[in-house]
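> Mind looking over this structure? Questions follow.
Rule-based calculations on the coordinates, nothing more; no lab input. These numbers come from a predicted model, not from an experiment. A quick note on method: Cβ atoms are made from the backbone with ideal geometry, for glycine too, and the neighbour counts reach across all protein chains shown.
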């Protein structure tokens, strides 16, 4: 147990001895009829240029790359279904 963590908390903890290896793509994990595919197809048709214009990370900048706005919009829309 980590120092400073009070007893009695219900937490998901790291299971470092668990062995799992999967070689698959997201397409392999979702059925053809899954709603996530419909959401993604819809978002691909949207004009997201205003959102892309707000992204400040570029190829020449340091740091972590920004998350693609299309992914964020897709997650938001999927969460509302």
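> Inside segment 11-37, can you point out the residues that are surrounded by 10 or more Cβ atoms within 10 Å (Cβ to Cβ) and not in a helix (DSSP H, G or I)?
Of everything in segment 11-37, those that are surrounded by 10 or more Cβ atoms within 10 Å (Cβ to Cβ) and not in a helix (DSSP H, G or I) turn out to be 30, 34.
> Right, something else. I'd like to verify a number: residues in segment 38-67 that are out of contact with any helix residue (DSSP H, G or I) (no Cβ under 8 Å at 6 or more places or on another chain) and surrounded by 14 or more Cβ atoms within 10 Å (Cβ to Cβ), how many?
1
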